[in-house]
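Taking it in order: structure first as structure tokens, then the write-up.
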């Protein structure tokens, strides 16, 4: 039952992550990516603070600062590459390329934490990879600057999934999320000031608050809590629903997917179903 709640938490995180692509793409038309990210994570830190620090003595576990810094570093690299990449590609394409991480996570996990994925999970990964190839529609324009930046983002996010899987059982999930978000805000604060500052338009601040509260504070908490019972390979498969949610939102916003991309989306759903049928919830 705990693993099922973990699955639900990861799918919830995927939904909130998926809502951000259109929002961020519009925001970085008016604000420097680093300034937007600094403001986003500052809002997220403030939103989570009352919950993370509600106890009189939050449990500071050994290596909390080190592990949070590792998680924040990989996440910072991923968000920086993704946000800049969104200036040069569409939100749907960015979402799908980002989740090439589903192919990278099992390899990283096998190398770094020696937790080999099951055969069923590897089949799910292969199906998801085929779906992502169709969704990115490489034949329709190839990989330009935005796509290459986003591919780097996928690598960084894959590393983050593996890092979280390796450290989350040693810490309070909410406190780890809070420290991670605070570190992200600090990492982007100085570059954000140098690259334009924080005099955003009202519409950009709306995007900052939305992504800070829902796609950062809430989604990070759901992901970290979910990964307490769900292993890195399975977590990557569940989180791959993010681009499907992102594509649906982009479609509402006016973007359209071709027939091949729609087939790709269906293959991703099949991959998730294969993973759900796995006898091991921690694979």
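Every number here is computed from the coordinates shown, using simple stated rules; none is lab data. Bear in mind the structure is a predicted one, so any value in this text is a computation, not a measurement. Please note: Cβ atoms are built from the backbone with ideal geometry, for glycine as well, and neighbour counts cover all protein chains shown.
Relative to the present Cα-Cα distance, how much length would full extension add between residue 59 and residue 170 at 0.36 nm per residue of separation?
Numbers: separation 111, 0.36 × 111 = 39.96 nm, distance 1.09 nm.
Extra length from residue 59 to residue 170 when fully extended: 38.9 nm.
Computed from label points 7 Å out along Cα-Cβ, the spacing between residue 5 and residue 203 is 4.2 nm.
Order the peptides 222-230, 41-49, 144-152 from the highest to the lowest mean number of other Cβ atoms within 10 Å of their residues. Each step should come with its number before you reach the end.
On the way: 222-230: 23.8, 41-49: 22.1, 144-152: 17.8.
Most protected by this proxy first, the peptides run 222-230, 41-49, 144-152.
Give, as ranges by residue number, the residues of the range 168-194 whose backbone N falls under 12 Å from the point 7 Å along Cα→Cβ of residue 49. In the range 168-194, the label zone of residue 49 (backbone N under 12 Å from the point 7 Å along Cα→Cβ) covers 182.
Starting from the Cα gyration tensor of the range 2-276, multiply each eigenvalue by 5, take the square root, and state the resulting semi-axes largest first in whole Å. Write down the numbers at each step before the final one.
Details: eigenvalues 142, 122, 46 Å².
Output for the range 2-276: semi-axes of 27, 25, 15 Å.
Each peptide in 248-256, 76-84 gets a packing score, the mean of other Cβ atoms within 10 Å over its residues, and the list from highest to lowest is 76-84, 248-256. When both the range 241-273 and the range 43-97 are represented by their alpha-carbon centers, they are found 25 Å apart. Taking a ≥ b ≥ c as the square roots of the eigenvalues of the Cα gyration tensor, the range 1-134 is classed as oblate, since a/c reaches at least 1.5 and a/b does not exceed b/c.
Could you tell me what a quarter of the Cα convex hull surface of the range 31-103 works out to, in nm² with one decimal place? Walk me through the intermediate numbers first.
Numbers: hull surface 26.6 nm².
Averaged projected hull area, Cα only: 6.7 nm².
Using alpha carbon coordinates only, what is the Rg to Rh ratio of the range 144-283, with Rh defined as the Kirkwood radius? Mind showing how you got there, number by number?
Details: Rg = 17.5 Å, Rh = 17.5 Å.
Reported Rg/Rh (Cα atoms, Kirkwood Rh): 1.00.
Only Cα pairs under 8 Å and 6+ residues apart enter the sum, and on that basis the relative contact order of the chain stands at 43 percent. Structural size metrics of the range 144-226, computed from C-alpha coordinates, are Rg and Dmax of 15.0, 41 Å.
Residue 69 label point, 7 Å along Cα→Cβ, cut-off 14 Å on backbone N: hits in the range 216-239? Counting only backbone N, you get no residues.
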